[in-house]
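The values are calculated or read from the model by the stated rules, or taken from the named source; none is laboratory data. Just so you know, these numbers come straight off a predicted model, no measurement behind them. Cβ: placed from backbone, ideal geometry, glycine included. Neighbour counts: every protein chain shown. These area figures cover heavy atoms from the full protein model, side chains too; ligands, DNA and RNA do not enter into them. Shrake-Rupley method; radii C 1.70, N 1.55, O 1.52, S 1.80 Å.
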Amino acid sequence: MSKQDYYEVLGVSKTASEDEIKKAFRKGAVKHHPDKEGGDEAKFKEINEAYEVLKDKQKRQRYDQFGHAGVGGAAGGGAAGGNPFEGFDFGGQGMQFDFGGGLGDIFGQFFGGAQGSAQGPRRGRDVETSVTLTFEEAVFGIEKTISLTLEDECEHCKGSGAEPGYSLKTCPDCQGAGQQTRVMNSIFGQIQQAVTCQTCRGKGKIPEKNCSVCGGKGTTRQTRDVKLKIPAGIDDGATIRLREHGEAVQGGAKGDLYVHIRVKAHKKFTREGNIILSFEHISMVDAALGTEIDVDTVDGKVRMKVPAGTQNGTDFKLSSHGVPNLRSDSRGPHIVGIIVDTPTKLTKKQKELLEEFKKGGKKGLFG
């Protein structure tokens, strides 16, 4: 199914200004917010996707020239020095290329690519997980405790692989070298290759007696709690990396932990960088005469003055009530868009008053 044109999604022309695109996004985001009654999550995501492209000058230029293909990540994959297959999805199957005749294996053996040619594992496996935050938690930051089940250092042998009370001895197969020489026959003749000793896994030593808990592996499957400090101002889609909080491996460093941040949509607020956006409704009488209203912000209710003659769609800025900047102590603003409600039902008296106002020579209520 082909994607809808981004300009049509936002309801603007291809010559629309940045301000027109921004206003269209705000209007559509509020109308289709998934937590709002009658909201449409699919439409909301579509509007966000369109805005992410059209608000960026370079992305918009590529989109205008190439359409969706220009901003889908497939363009430019064959640039000099780059990966010619970058931007193409091979189905996530870990695809490898076979050049025929086993040449891939032969070249791998020459250039150290054969299995077992490395000096054994020196680093544990990286681990990925995700954390879901509320809108307010993302704005102000929070400390979360994450529970993970992974390979960690065996507590019984402290990662040595040897039963407590027993020591390590020189590996009898490699004589402590950690490597063995293997002779292979190839189309080029016999080739000698140094490979990791499979008995000691490249360490040169083995336990006199294997650990009764981990069997000499040095690691066991365990559940660990990790405390994660999430900074104020983090956004949906961000990733936090915790070094050496991944899986352990005997004789090497732990892998890293990657925590992907997901932020729940708010029923009233939307976010644009460090700016928070919301809308408030007022009557046309209050718009004409001016009023003061209580505005919901992440800091609580704030009293805001709406001057006389305010037009529908006017934006007001509440400074320092937005999202904190990750790289400084400053905060963005909260932008409040005003929606002037026109009554659909009027009493006889109200109609008479409006007719009198109209006869007074005014072109319109705010004219």
Karplus-derived 3J(HN,Hα) from phi for segment 189-199 (6.51 cos²θ - 1.76 cosθ + 1.60, θ = phi - 60°), whole Hz, x at Gly and Pro, runs x, 7, 10, 8, 9, 8, 10, 5, 5, 6, 6
Cβ crowding within 10 Å averaged over residues, with 152-164, 341-353 ranked highest first
152-164, 341-353
Within the set of other residues whose C-beta is less than 14 Å from the C-beta of Cys200, count the net charge using Lys and Arg as +1 and Asp and Glu as -1.
+3
Please work out how much length the chain gains when fully extended from Arg262 to Arg122, using 0.36 nm per residue of separation minus the C-alpha to C-alpha distance, in nm with one decimal.
47.2 nm
With 0.36 nm assigned to each residue of separation and the Cα-Cα distance removed, Ser130 to His281 gains 50.7 nm
³J(HN,Hα) computed for each position of segment 24-29 - Karplus, 6.51 cos²θ - 1.76 cosθ + 1.60, integer Hz, glycine/proline x:
5, 5, 4, 5, x, 5
Over segment 145-261, with every protein chain in place, what whole percent of the accessible area is carbon and sulfur at 1.4 Å, could you tell me?
45
What is the spin-label model distance, in nm, from Leu289 to Asp225 if the labels are put 7 Å beyond Cα along the C-beta direction?
5.8
Within straight cross-link reach of Lys351, meaning Cα distance under 29 Å, which lysines are found once same-chain residues fewer than 8 apart are removed?
Lys305, Lys359, Lys362, Lys363
Considering only Cα-Cα distances, which of the following residue pairs are longer than 21 Å: Lys23/Lys264; Lys31/Lys348; Lys144/Lys264; Lys144/Lys268; Lys43/Lys268?
Lys23/Lys264; Lys31/Lys348; Lys144/Lys268
Around Ser130 (Cβ within 13 Å, Cβ-to-Cβ, excluding Ser130; K/R +1, D/E -1) the net charge comes to +1
Ordering Arg243, Arg182 from largest to smallest accessible area (1.4 angstrom probe), what's the sequence?
Arg243, Arg182
Apply the Karplus parameterisation 6.51 cos²θ - 1.76 cosθ + 1.60, with θ equal to phi minus 60°, to every residue of segment 325-336 and state each ³J(HN,Hα) to the nearest whole Hz, in sequence, with x for glycine and proline.
7, 4, 10, 7, 8, 7, 10, x, x, 10, 9, 10
Expressed as a percent, the accessible surface of segment 266-354 that is carbon or sulfur, using a 1.4 Å probe and the full set of protein chains, is 52
At R0 = 35 Å the Cβ-Cβ FRET efficiency linking Glu18 and Phe357, nearest 0.05, sits at 0.40
Would you work out the Kirkwood radius for segment 147-227? I mean one over the mean of 1/r across all pairs of different Cα atoms, in Å.
14.5
Efficiency by 1/(1 + (r/R0)^6): what FRET value for Glu208 and Asn185, r their Cβ-Cβ distance, R0 = 30 Å, to the nearest 0.05?
0.20
